[in-house]
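The values are calculated or read from the model by the stated rules, or taken from the named source; none is laboratory data. Values in this document were obtained by computation on a predicted structure and should not be read as measured data. Don't worry about glycine lacking a Cβ; one is built from the backbone with ideal geometry, like all the others, and counts go over all protein chains shown. We work out accessible area using only protein heavy atoms, side chains counted, and drop any ligands, DNA or RNA first. Shrake-Rupley method; radii C 1.70, N 1.55, O 1.52, S 1.80 Å.
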Amino acid sequence: MKKKYLQSLGPSLLFVGAAVGVSHLVQSTRAGAEFGFGLIWALILVCLFKYPFFQFGPRYAAITGETLLDGYRRLGKGFVTAYFVLNIAVMFTIQATVTIVTAGLASQLFGFEKSLDSVDWAVILSVISIVILAIGKYKFLDNLMKYIILVLSISTIIAVFMALSNSKEAFDVRQIIPYGAVELTFLIALLGWMPAPLDVSIWQSIWYIEKEKISPSKEKKHHAIFDFNIGYISTLTLGVCFVLLGAFVMYKSGETFSSDASVFASQFIKLYTKSLGDFSLIFIGIAAFTTMFSTTLTSLDASSRSMNRASKIVFNKKIIIGYWFWILVLFIGTFLILKYFMHNMGTLVKIATILSFLTSPFYAILNFRLMTSKHIKKDEQPSLILKILSVLGIVFLIGFSIWYLSSI
């Protein structure tokens, strides 16, 4: 592997940090706990069909030197306005969700349960994240994520092998198609954030532009796609790992995870240490905490960057401190949700994940339309295979959405 390709890694690791969060630690673990290996098909299938639309983010940025939001404006300003409204509807809930799960894990790992509750921890972690972004900006975030993802990957793989060696159940690899409103709702929630909501493709394009400012590459498109593929394969691999963890430790155990995010964190740690031994706390704890802290940090950065860019396009104004304005807005909105609606977090998470899936066709069609439009030269457009996969992906996302809406 050439050194220049290794040096180009950056946005892909931020993608891993953003993607490997609630979708993996919470939803994938629950999938393994409730269905064993039975939903691995869904995880692989949704990652396959979402692949082109995520790839189009850094691909478009590399080809044009602008973000997907700028591309949406070329198709029609109304598309950027739609994104702005949709993101306002879910960004606070998403940030609150990832932050409170991280806070619950921090409370379990570092103690202070009596003096600091989950909301206190959430505020502390949010402030730490803001300080990291203020001091180091994108360059520091880019470098930091290399270490976080390395720790996350190693600790997760060790935890899987430990769970495998302690498992006494016979493997049942039969795949399951859920039925009924409850199981179908869980499936759609799993698919909605696996490996991430499709609007994260916008984050990818923004991070790529930031990466180019500090480390420009000559073979932009090839580097962008290589970088993206590394991150995407990593998120899929880690998703399978968390399904296996849930299956090895919880499947047929009679235990169920709480829908309360902070309670879930406590259950997660205690269940694994009970099953694998107290010595496993360091591996399970580090894997879980780095998973969620990386998501909290990258989500705070990317949501603010994307809303900053979108607001400039929608309102035709250049706000010098726009990024930090949205950081502040997101911080306050997250705090208010955690302060007054934390007991309804399970419902809010379900709404956010389902909404993410139901809006997936919107982003999929928009990304595909942009990459095959007159704004992209013919020789820069996706290959025939990628176009076919894109069409199949759009059909898959629309089909699942209709199936869900007709079943509730």
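Of all the options Leu300, Leu336, Leu355, the one that moves most in a Gaussian network model of the chain with Cα springs shorter than 10 angstrom is Leu336. Applying the criteria of a DSSP loop state and at most 11 other Cβ atoms within 10 Å to the trypsin sites (Lys or Arg not before Pro) of the range 77-165 yields Lys114. Using the Cβ-Cβ distance between Lys378 and Val151 with R0 set to 45 Å, the FRET efficiency works out to roughly 0.55.
Taking 51 Å as R0, compute the FRET efficiency from the Cβ-Cβ separation of Lys387 and Ala89 and round it to 0.05. Once the sixth-power term is evaluated, E becomes 0.95.
When +1 charges are put on Lys and Arg Cβ atoms and -1 charges on Asp and Glu Cβ atoms, the dipole computed for the range 115-222 relative to its Cα centre reaches about 600 debye. If you take all other residues with their beta carbon under 14 Å from the beta carbon of Pro11, and give Lys and Arg +1 and Asp and Glu -1, the sum is +3.
Extending 7 Å from Cα along the Cβ direction at Ile177 and again at Leu75 yields two label points whose distance is 3.1 nm. With contacts taken as Cα pairs under 8 Å and at least 6 residues apart, the range 1-159 reaches a relative contact order of 28 percent. The simple Förster model, with R0 at 56 Å and r as the Cβ-Cβ distance, assigns Leu405 and Asp278 a FRET efficiency of 0.75. For the chain, the convex hull drawn through the C-alpha positions has a volume of 142 cubic angstrom per residue.
Calculated translational diffusion coefficient of the range 365-404 (4 °C, 1.567 mPa s; Stokes-Einstein with Kirkwood radius over alpha-carbon pairs) equals 118 µm²/s.
Taking all Cα pairs closer than 8 Å and separated by 6 or more residues, the relative contact order of the range 66-202 comes to 20 percent.
Relative contact order of the chain: 38 percent, from C-alpha pairs under 8 Å at least 6 residues apart in sequence. Taking a ≥ b ≥ c as the square roots of the eigenvalues of the Cα gyration tensor, the range 125-212 is oblate, since a/c reaches 1.5 or more and a/b is not larger than b/c. Each peptide in 382-393, 122-133, 22-33 receives the mean, over its residues, of other Cβ atoms within 10 Å, and ordering these scores from highest gives 22-33, 122-133, 382-393. Split the accessible area of the range 1-155 by element, probe 1.4 Å, and carbon with sulfur accounts for 67%.
For the range 331-393, the per residue solvent-accessible surface stands at 54 Å², with DNA, RNA and ligands left out and a 1.4 Å probe. Quick test of the membrane-span-like rule: which DSSP H helices of the chain reach at least 20 Å along their long axis (C-alpha atoms) with mean Kyte hydropathy at least 0.5? In the chain, the long hydrophobic H runs are 40-64, 77-110, 118-166, 220-250, 261-276, 281-315, 322-341, 384-407.
Per residue, the range 91-222 exposes 46 Å² of accessible surface when a 1.4 Å probe is rolled over the protein heavy atoms with every protein chain present.
Helical content alone sets the calculated 222 nm signal of the chain at -26500 deg cm²/dmol, taking -39,500 (n - 2.57) per DSSP H segment of four or more residues and averaging over every residue.
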